[in-house]
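Data block below; observations after.
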Amino acid sequence: MRLQAYSLLLLPFLLLGCDGALNDIHGKDHKDDKNEQAESLHNHIIIDADSSKTSLYLYKYNSEKNELAKNIEIISLMTQSPGIVDIQASQIPAYLTKLFNDDLLDKIKAASKNHNNATSKRIQGIQFYSTAGMRDLSFSTRADKNTTINNWLVKWTKDNNVQLTESIDVKTISGKEEGVYSWAAYNYIKHQFKDELDGILTLGDASTQIAYQDVNLNNANITIGGKAYPVYSQSYSLGLKVVQAALKNTDECHLFGYSDTSRGDYHLCRETAKAFIDRKIGESYQGNQYSNEFGLFTGFYSQAKFFDLKENYSFKRIQEQAEQFCHLDWETAKTQYSNEDPEYMEPFCMMSAFQGALLEDNYHLSDKHDFQPIQKVNNTNISWPMGLLITQKYEE
């Protein structure tokens with residue numbers, strides 16, 4: 001996506017010895033400033049269709065040509081479950097109607113009033129991007145769903161007189177692309193690319209991503225604010241649900257007493273997890289980890305929170321906590337963690353062992369790196385759609 005650009009500020013004129021001309025210019029500055037800001041103000045819809053839900057973001061932001069987008073605000077966020085992957089093509093129109101409802105139209109109309117000479121309902125564009133889940137469908141099934149979604153959106157804009165500056169874009173993006181947008185979102189929210197750029201590690205229901213800037217070994221380039229950034233990004237179908245399904249019959253990954261044969265053992269579970277990872281990804285990860293700091297999101301954040309390590313996280317500490325947890329019996333664990341849903345709590349033995357196998361044994365990360373478990377930065381949730389919003393060009 002290329003953000004449309006308009007001038008934000010008028011160039012100052014220096015008119016020496018002409019008080020009347022100076023007064024005229026000063027008299028126009030405030031009004032013209034507001035006009036210019038209105039012309040650079042945009043509204044945009046981005047849909048994140050992941051494996052378990054679909055989230056619609058209506059953004060408001062300012063942007064100029066080759067400049068970094070600023071003043072980004074989420075006007076509306078709506079979520080619909082289950083994920084689009086579980087919706088039959090014939091049911092998609094009813095599913096989308098719940099997201100693209102009258103409330104959304106009202107918000108688009110209200111936001112459009114901030115534009116000069118705008119129609120009653122104008123947005124920059126609609127990008128409906130699906131991720132994990134849809135990636136696992138056959139090409140024909142995925143194509144049929146995306147075509148149905150695109151046709152519905154075209155009809156919705158026409159029927160509701162929603163004017164678009166850019167065309168509708170519906171597609172299933174690769175995990176690599178998703179990782180790059182997450183990386184961009186994190187560094188934008190954290191410091192707007194004004195400081196050292198950090199890497200990201202995410203663990204969702206269906207996939208996991210690692211991404212960081214690497215000028216020597218990279219597989220993607222992203223242009224933001226007129227500047228190109230080389231990024232190394234990898235994604236694997238090793239999400240929470242995938243791992244739990246693969247290791248559900250591994251007794252060492254479950255607390256003693258959870259079943260008749262379970263016998264929690266962190267190290268044996270980690271060996272089994274590593275063998276599973278090796279079968280899934282082999283030697284495909286070739287990263288060099290040039291980033292010194294990584295943000296830990298989603299499932300990785302949840303593990304740090306569960307073991308109370310958000311503030312002093314390290315691989316050593318989380319392994320120590322996980323070893324102790326895995327050796328608990330099921331009844332003791334339910335008592336000790338009485339504030340947690342038992343079915344939410346129990347997989348933390350398995351997932352901690354998996355995390356150690358993935359991040360240390362396969363990614364070769366260590367406590368020489370700095371890890372920051374993060375859910376929000378500057379009171380803003382980190383999500384890849386914001387990374388897409390600020391992206392002017394993406395290439396592989």
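List of remarks:
- Distant-in-sequence amide H partners of Tyr229 (H built 1.01 Å from N, under 5 Å): Ile222, Thr223, Ile224
- Whole-angstrom gap from the stretch 241-259 to the stretch 329-365, using each part's C-alpha centre: 10
- Packing here is the average count of other Cβ atoms within 10 Å per residue, and on that basis the peptides 181-189, 196-204, highest first, run 181-189, 196-204.
- Check: the chain dipole with +1 on Lys, Arg Cβ and -1 on Asp, Glu Cβ, in debye: 1260
- Relative contact order (percent, whole number), the chain, Cα cutoff 8 Å, 6+ residue spacing: 17
- Relative to the longest principal axis of the Cα atoms of the chain, the long axis of helix 19-39 lies at roughly 40 degrees.
- Among the listed values [x] 57, 55, 38; [y] 87, 53, 41; [z] 54, 47, 43, the one computed from these coordinates for Cα extents along the principal axes in Å is [y].
- Relative contact order [Cα under 8 Å, 6+ residues apart], the stretch 47-163, whole percent: 27
- Pairwise FRET efficiency - Asp308 versus Thr223, Cβ, R0 = 41 Å, nearest 0.05: 0.55
- Rounded to the nearest 10 degrees, the inclination of helix 102-112 to the longest alpha-carbon principal axis of the chain is 50 degrees.
- Considering only the chain, percent of DSSP beta bridges that pair antiparallel, nearest 5: 65
- Helical contribution to [θ] at 222 nm, DSSP H n ≥ 4, -39,500 (n - 2.57), averaged over the chain, rounded to 500: -11500 deg cm²/dmol
- In degrees, nearest ten, helix 175-191 long axis to first principal axis of the chain (Cα): 70
- Distance between modelled label sites at Lys241 and Ser120, nm, 7 Å Cα→Cβ extension: 4.1
- Rel. contact order, % - alpha carbon contacts under 8 angstrom, at least six apart, the stretch 269-396: 44
- For Lys393, solvent-accessible area (1.4 Å; no DNA, RNA or ligand), Å²: 100
- Once the chain from Arg317 to Asn249 is taken as fully extended at 0.36 nm per residue, the excess over their C-alpha distance is 21.8 nm.
- Extended-chain gain in nm, criterion 0.36 nm per residue less alpha-carbon gap, Ile74 and Asn101: 8.0 nm
- Distance-filtered residues of the stretch 240-279 - backbone nitrogen under 20 Å, label point 7 angstrom along Gln91 Cα→Cβ: none
The values are calculated or read from the model by the stated rules, or taken from the named source; none is laboratory data. As the structure is a prediction and not an experimental result, all values here were calculated from the model. A quick note on method: Cβ atoms are made from the backbone with ideal geometry, for glycine too, and the neighbour counts reach across all protein chains shown. Quick note on the areas: whole protein, heavy atoms, side chains included, nothing else; ligands and nucleic acids left out. Shrake-Rupley method; radii C 1.70, N 1.55, O 1.52, S 1.80 Å.
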